[in-house]
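Below: the structure, in structure tokens.
The values are calculated or read from the model by the stated rules, or taken from the named source; none is laboratory data. Because the structure is a prediction, the values reported are computed rather than measured. Heads up, the Cβs are rebuilt from the backbone with ideal geometry, glycines too, and the neighbour counts pull from every protein chain shown. The accessibility values were calculated without ligands, DNA or RNA, using every heavy atom of the protein model including side chains. Shrake-Rupley method; radii C 1.70, N 1.55, O 1.52, S 1.80 Å.
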Amino acid sequence: MTEHSAPIVRPGAGAPAQPLSLWKPVLVRALVCLVFGAVTVFWAKPSVAETGVAVGLYFLATAAAQVMLLRQLRFPKTNKTLIALALPAGLLAAFGLSFLVNASVEFMVFTASMALFLLGLGEAYLGMRNRRRHLLARDWLTTGVVGVGTAVVLPFFTALGPHALLGVLGGGAIITGALLLLAALTIRFDAAKPAQAVN
């Protein structure tokens, strides 16, 4: 290992070694989720346009955090892991940009639900596929379930306007952010111990 190379952790037999620096993109996404969630809690009367900007920036920041994570993962580029994370990240970025110019609640609900569903499905798939073989497996499974649940519930609040839209997205973001914050701290301080990384 060179002086500038990141230390690695081997989560299990047959699994690619993972750098301890994985905690950084996980922490970034956790903070993005928590900041967005806090905004939705204290924002009493957002307009439709303001909601589009808020959700758009949230999606763009989440996509950036996922790209950071993809750069840290030690998987072959043809691996399904990349597809499960890269495709939803691309959709999040594209829809996030579109929200900045399209202020329709119906459009935001439909596209946000689609993006969150695919993101959650991809993470849940990775969590189940990599159980006991990856540092983030349990966290992917949990955040995946939260993402899918948010996507399924969101359309039922379309008629209630932008405040309800932000409330549902913010609730899911707070849960995801809290889970990922704990995951980032765990990886940062405990992942150097192989026995803890697999259990």
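If the requirement is being without any contact (Cβ under 8 Å) to a residue 60 or more places away in the chain and over 16 Å from Thr62 (Cα atoms), which of these qualifies: Ser104, Ser98, Ser113?
Selected residue: Ser104, the only one of Ser104, Ser98, Ser113 that is without any contact (Cβ under 8 Å) to a residue 60 or more places away in the chain and over 16 Å from Thr62 (Cα atoms).
Give me the pairs: first residue in region 25-41 and over 17 Å from Val55 (Cβ atoms) and touching a residue at least 24 places away in the same chain (Cβ under 8 Å), second residue among the hydroxyl-bearing types (Ser, Thr, Tyr) and in a helix (DSSP H, G or I), beta-carbon distance under 8 Å, and six or more apart or on different chains, which are they?
Ala30/Thr176
Find the residue count for region 35-63, including only residues that are part of a helix (DSSP H, G or I) and buried (at least 18 other Cβ atoms within 10 Å of the Cβ).
Of the residues in that region, 14 qualify.
Restricting region 91-148 to residues that are open to solvent by 50 Å² or more (accessible area, probe 1.4 Å) and β-branched (Val, Ile, Thr), which is farthest from Leu182 (Cα to Cα)?
Among those residues, the one meeting the criterion is Val101.
How many residues does region 74-90 hold that are surrounded by fewer than 18 Cβ atoms within 10 Å (Cβ to Cβ) and out of contact with any Ser or Thr (no Cβ under 6 Å at 6 or more places or on another chain)?
11
Could you check how many residues of region 172-199 are open to solvent by less than 30 Å² (accessible area, probe 1.4 Å) and either part of a helix (DSSP H, G or I) or at pLDDT 90 or above (or both)?
Qualifying residue count for the region: 9.
Would a scan of region 112-121 turn up a residue that is under 18 Å from Glu50 (Cα atoms) and at pLDDT 90 or above?
So far as region 112-121 goes, yes, one or more of its residues are under 18 Å from Glu50 (Cα atoms) and at pLDDT 90 or above.
Within region 45-93, track down each residue that is over 18 Å from the mean Cα position of the chain (by Cα) and at pLDDT 85 or above.
Listed by number, the residues that qualify are Lys45, Pro46, Ser47, Val48, Ala49, Glu50, Thr51, Gly52, Val53.
Out of the residues in region 94-111 meeting the condition of being among the hydroxyl-bearing types (Ser, Thr, Tyr) and at pLDDT 90 or above, tell me which one is nearest to Leu169 (Cα to Cα).
Checking each candidate, the answer is Thr111.
Against the condition modelled with pLDDT under 95 and under 22 Å from Ala65 (Cα atoms), how does Ala137 come out, does it pass?
Yes, satisfied.
Conditions (1) under 18 Å from Thr158 (Cα atoms); (2) of a type outside the set (D, E, K, R), marked per residue:
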site: Lys24; (1), (2): no, no
site: Leu34; (1), (2): no, yes
site: Thr40; (1), (2): yes, yes
site: Val55; (1), (2): yes, yes
site: Leu73; (1), (2): no, yes
site: Ala86; (1), (2): no, yes
